[in-house]
Amino acid sequence: MPRRTVAVIGAGAAGLAAARELLRVGLHVAVFEKSGRTGGTWAYDPRADDADPLSRDPAAAGAVHGSLYASLRTNLPRELMGFSDFPMAGRVFAGDARAFPGHREVLAFLDAFAEEHGVLAHVRLRTEVLRVRPEQGERWVVAFRGEDGEVAEEVFDAVVVCNGHWTVPFVPKIQGIGNWSGKQMHSHNYRTPEPFQNQIVVTVGMGASGIDIALDISHVAKEVHIASRYSEDRLGKFNLYQNVWIHKEIECIQDDGKVRFAEGSAVPADVILYCTGYHYYFPFIDLDGLTVDDNRVGPLYKNVFPPKYAPNLSFVGLTTKTIIFPSLELESKWVAAVLSGKATLPSQEDMMASVLEHYRRMEEAGRPKRHTHVIMPEWEEHMNWLADQVGEPHLEARRLELLVKALCGTWSLDEGYRDHCEQDDDRDTTALKGLFGLV
Ligand code: FAD
């Protein structure tokens, strides 16, 4: 019997984890990577899209994939960033032993992971997938532009999509923005604080990156105003910093050009910096019955398998607000188990019914469509469900506790939290646990 062949699209953390698990079960793997190295997002790219700071056209020539800023340290401790038999904890890969290391350490970790598990030999660098399409129902044609610039096609038994989803900015619409003469940019293009010297900056969004970037900029800017719809109980000047204020969401741009916030205050900003997340984007997929609609990729059974094309088309790494690396590993193990015949999927009808039930529950809970792959608050249940599919142990209580502490640290807006997070045992985490469904 010839070995089944699998194309993996992308050699970031997801693609490397997927390739490793597929190889482990004896499948033949080709990893397509459009850039010149493995590591994906974690390969810091100092370039930004200066000509279009909102990066409106993801297909533009020279569009930058990475969204890391120079000062970035992980927002999860290394104990939550490793793989089960290749941990980050207790080891140092690029000389940065901190509990929350900088991006170079994570990249070096991924390099070591890929090398140790023989994945590198299967990666085709500078090879961009242009299209995937099914052939005669069962096999998949992958069209790609290779290192030599030539377009070619190859046929595989299965395709695993791991192209990342932190590249194409989501930019909210603000009333009156059309008449605004200030600068707008998205965090995708933020690298260093220097360009914001003495400016009045409004940052939008209070996710981990939004908070990091606001504080990074506060060291050089005249004023930083954080706008967020989750800020109700924290409005006003933030007492850890001289020049940082917290507001409700932006309401509009006033006629006098000031940025007005929902609580009624207004500031004469020089820059609006959107830290508002990203769109899912699969320019190489155009398949009947598989869509991205309001950031819902679907239908997907458990965020991984599209029922109509399962098991030979799958997606690894779509979920957010989870412990990402362990989640990538579990999803990869599941895909590998299914493709090697060690696990089976329900029927197409049953998978579809499960997807629809998930949509129904989201609607009932008032969760917007665009949050389909945000698996808070059921993330623990989801991880444990995946673990059950592949015979892995459930998440340990210690890891859950570490996650809660890390989230509390982020939300404390204390820049130093990463260096004393482990010691913060007396922090009251009740409210946050409730918010993230960790009670
Ligand atoms: P990526 O790392 O984006 O990799 C996708 C790869 O696919 C890239 O190499 C890309 O070049 C390639 N590719 C895309 N399209 C094609 C194509 N058509 N053909 C061939 N190759 C293609 N996670 C954490 O766990 N902890 C953190 O602290 C953390 N901080 C973050 C901070 C920021 C600012 C951002 C943006 C993300 C952060 N993340 C963090 C999430 C991070 O993205 C994941 O950890 C992880 O890198 C996702 O891996 P991925 O493989 O899914 O995507």
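The values are calculated or read from the model by the stated rules, or taken from the named source; none is laboratory data. Worth saying up front: this structure is predicted, and the values here are computed from it rather than measured. No Cβ is skipped: glycine too gets one built from the backbone with ideal geometry, and neighbour counts run over all protein chains shown. Just so you know, the surface numbers come from the protein's heavy atoms only, side chains and all, with ligands and any DNA or RNA stripped out. Shrake-Rupley method; radii C 1.70, N 1.55, O 1.52, S 1.80 Å.
Counting only residues that are in a loop (DSSP other than H, G, I, E, B) and over 25 Å from the mean Cα position of the chain (by Cα), how many does the range 222-245 have?
8
Could you grab me the full set of residues in the range 388-418 that are closer than 17 Å to Met88 by Cα, open to solvent by 60 Å² or more (accessible area, probe 1.4 Å) and either assigned to a helix (DSSP H, G or I) or assigned by the TED database to the domain that holds Lys333 (or both)?
Correct list: Arg398 only.
Run down Ser347, Ser340 and say which single residue is touching a residue at least 60 places away in the same chain (Cβ under 8 Å) and over 22 Å from the mean Cα position of the chain (by Cα).
Ser340
Taking the residues in the range 372-392 that are out of contact with any Ser or Thr (no Cβ under 9 Å at 6 or more places or on another chain) and not charged (D, E, K, R) as candidates, determine which candidate is farthest from Tyr280 (Cα to Cα).
Gly391
Could you count how many residues in the range 166-184 are open to solvent by 100 Å² or more (accessible area, probe 1.4 Å) and under 15 Å from Arg370 (Cα atoms)?
1
Against the condition closer than 30 Å to Gly391 by Cβ, in a loop (DSSP other than H, G, I, E, B), under 22 Å from the mean Cα position of the chain (by Cα) and in contact (Cβ under 8 Å) with a residue 40 or more places away in the chain, how does Leu76 come out, does it pass?
Answer is yes for this residue.
Is there a residue being in a loop (DSSP other than H, G, I, E, B), open to solvent by 30 Å² or more (accessible area, probe 1.4 Å) and within 9 Å of the ligand (Cβ to nearest atom) anywhere in the range 35-44?
yes
Look through Glu364, Glu329, Glu357 and report the one residue that is of a type in the set (Asp, Glu), within 16 Å of the ligand (Cβ to nearest atom), assigned by the TED database to the domain that holds Leu23 and closer than 22 Å to Met376 by Cβ.
Being of a type in the set (Asp, Glu), within 16 Å of the ligand (Cβ to nearest atom), assigned by the TED database to the domain that holds Leu23 and closer than 22 Å to Met376 by Cβ holds for just one of Glu364, Glu329, Glu357, which is Glu329.
Does Trp385 fit the bill of being aromatic (Phe, Trp, Tyr), under 23 Å from the mean Cα position of the chain (by Cα) and open to solvent by 60 Å² or more (accessible area, probe 1.4 Å)?
yes
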